[in-house]
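Student: Take this structure, written in structure tokens, and hold onto it; I'll ask about it next.
The values are calculated or read from the model by the stated rules, or taken from the named source; none is laboratory data. If you're wondering where the values come from, they're calculated on a predicted model, not measured in any experiment. Heads up, the Cβs are rebuilt from the backbone with ideal geometry, glycines too, and the neighbour counts pull from every protein chain shown. Just the protein is used for accessible areas: all its heavy atoms, side chains included, with ligands, DNA and RNA removed. Shrake-Rupley method; radii C 1.70, N 1.55, O 1.52, S 1.80 Å.
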Amino acid sequence: MDTHTKLVECPVCKNIDLSDLNGYQKLYLLKCSQCNFVFDQRVPTSKELSDHYNAYKYSHLSPITKETVISFNKLLDYFEQYRDLGNMLDLSCGQGDFLAEAKKRNWNVYGTEYSEAATLLCTERGIKMHQGDLSTNIFNNIKFDVITSFEVIEHINNPHEFMSLTKNKLRAKGIAYCTTPNFNSLLRYFEKDKFMMINFPEHLSYYTKASIRHLGRENNFKALSVKTTGIDIGRLLIKPQSTLRDENQTISKDKETASYRKRYEGVSENARKMMSSNLAGSLIKGVLNYFLNIFGLGDTLKVFWIKSK
């Protein structure tokens with residue numbers, strides 16, 4: 001029997017009319033009848049969170065791909081029109097790769113991280129850091145032109161606190177950029193209850209275009225753009241591995257066997273190389289992303305918000 005504290009209202013709209021998500025009952029997923037937000041009803045303990053996030057290793061810098069550097073710089077090109085104070089904040093910035101690229105372009109870069117190892121590593125890279133839980137008074141009275149969060153908001157079950165922090169630290173007419181897995185991804189319909197993004201206690205909240213727009217409106221943000229892009233070809237071509245669960249029916253951290261992961265990663269890497277190595281591949285990728293966005297089926301939600309008040 002699961003002993004976690006359970007949420008009794010929707011974290012986005014506070015509605016109490018909730019129902020088990022059909023087909024995902026054993027994974028403790030609920031759906032809100034009002035805003036259709038899907039979330040894990042369990043509240044992880046402090047020990048679970050500490051054990052999970054402190055398990056990440058940041059002892060050295062992992063190399064980033066040329067494609068990632070290009071993607072970062074396209075994003076930074078867009079942010080130039082919002083440069084005023086010259087301050088940029090990345091929430092849960094990992095080893096600081098994005099901020100390192102921004103620093104090369106003379107942004108004053110700030111980041112946050114939960115783990116001590118990541119905080120020390122980013123500090124060594126010249127990034128001003130806040131370690132630990134987020135609060136609206138981080139970095140004193142400094143305001144930011146740009147606040148980013150890459151694959152962060154799905155890790156929390158109090159999104160209004162997260163949005164309040166973003167609103168408080170963003171200057172008037174500043175821009176916020178957020179990415180998160182898309183629960184309406186084509187892959188979720190393919191993998192069903194084996195969907196790789198469902199992973200307690202790491203992932204707690206599951207957004208769609210509609211629910212993330214609703215969250216922004218509730219916090220006085222105007223959505224400039226909400227897109228869904230990308231699809232992991234490897235996961236489409238290889239049958240999902242059976243999900244292993246422990247006695248409490250939570251997803252095991254070792255849910256995939258080594259052989260499955262090796263095959264999946266090989267297929268995914270070959271597909272990425274094919275899509276980026278020539279003009280035909282790039283055209284196919286562009287057309288695919290166009291339709292994935294139109295129908296809201298891409299793997300990743302990408303949101304640009306502007307502070308409206």
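Student: Given the conditions (1) touching a residue at least 60 places away in the same chain (Cβ under 8 Å); (2) of a type in the set (A, V, I, L, M); (3) closer than 22 Å to ILE64 by Cβ; (4) in contact with a strand residue (DSSP E or B) (Cβ under 8 Å, 6 or more places away or on another chain), report the number of the one that LEU121 does not fulfil.
Tutor: Just one mismatch for LEU121, condition (4).
Student: If I filter segment 270-289 for residues that are part of a strand (DSSP E or B) and either under 25 Å from CYS32 (Cβ atoms) or modelled with pLDDT of 70 or more (or both), do I get at least one hit? Write out each step before concluding.
Tutor: Kept after step one, since they are part of a strand (DSSP E or B), are these residues of segment 270-289: none.
Scanning segment 270-289 turns up no residue that is part of a strand (DSSP E or B) and either under 25 Å from CYS32 (Cβ atoms) or modelled with pLDDT of 70 or more (or both).
Student: Looking at segment 200-209, is at least one residue under 16 Å from the mean Cα position of the chain (by Cα), polar (S, T, N, Q) and at pLDDT 95 or above? Steps first, please.
Tutor: In the first step, residues of segment 200-209 are kept if they are under 16 Å from the mean Cα position of the chain (by Cα); the result is 200-209.
In the following step, the residues that additionally are polar (S, T, N, Q) were identified as 205, 208.
Okay, now just the ones that are also at pLDDT 95 or above, so 205, 208.
Scanning segment 200-209 turns up at least one residue that is under 16 Å from the mean Cα position of the chain (by Cα), polar (S, T, N, Q) and at pLDDT 95 or above.
Student: Could you check LYS227 against (1) under 28 Å from HIS52 (Cβ atoms); (2) surrounded by fewer than 22 Cβ atoms within 10 Å (Cβ to Cβ) and say which number it fails?
Tutor: In the conditions (1) under 28 Å from HIS52 (Cβ atoms); (2) surrounded by fewer than 22 Cβ atoms within 10 Å (Cβ to Cβ), LYS227 misses (1) alone.
Student: Sticking with this structure for a sec: Within the set of pairs 6 or more residues apart or between chains, which connect a residue that is of a type in the set (A, V, I, L, M) inside segment 217-231 to a residue that is in a loop (DSSP other than H, G, I, E, B) with Cβ atoms less than 8 Å apart?
Tutor: Matching pairs, first to second residue: ILE231/SER185; ILE231/LEU297; ILE231/GLY298; ILE231/ASP299.
Student: So GLY111 passes all but one of these: (1) closer than 27 Å to ILE147 by Cβ; (2) more than 19 Å from the chain's Cα centre (by Cα). Which condition number does it fail?
Tutor: That leaves (2) as the condition not met.
Student: What are the pairs, 6+ residues apart or on separate chains, where a residue within segment 290-309 that is under 16 Å from ALA176 (Cα atoms) and at pLDDT below 90 has its Cβ under 9 Å from a residue that is open to solvent by 70 Å² or more (accessible area, probe 1.4 Å) and not in a helix (DSSP H, G or I)?
Tutor: LYS307/ALA172; LYS307/LYS173; LYS307/LYS222; SER308/LYS173; SER308/LYS222; LYS309/ALA172
Student: Let me ask something else. Just the residues that are over 18 Å from PHE150 (Cα atoms) and either among the hydrophobic types (A, V, I, L, M, F, W, C) or open to solvent by 80 Å² or more (accessible area, probe 1.4 Å) (or both), please, taken from segment 283-309. Before you say what the answer is, go through the steps one by one.
Tutor: Of the residues in segment 283-309, the ones over 18 Å from PHE150 (Cα atoms) are 283-297, 307-309.
Once the filter is applied, which keeps residues that are over 18 Å from PHE150 (Cα atoms) and either among the hydrophobic types (A, V, I, L, M, F, W, C) or open to solvent by 80 Å² or more (accessible area, probe 1.4 Å) (or both), segment 283-309 yields LEU283, ILE284, LYS285, VAL287, LEU288, TYR290, PHE291, LEU292, ILE294, PHE295, LEU297, LYS309.
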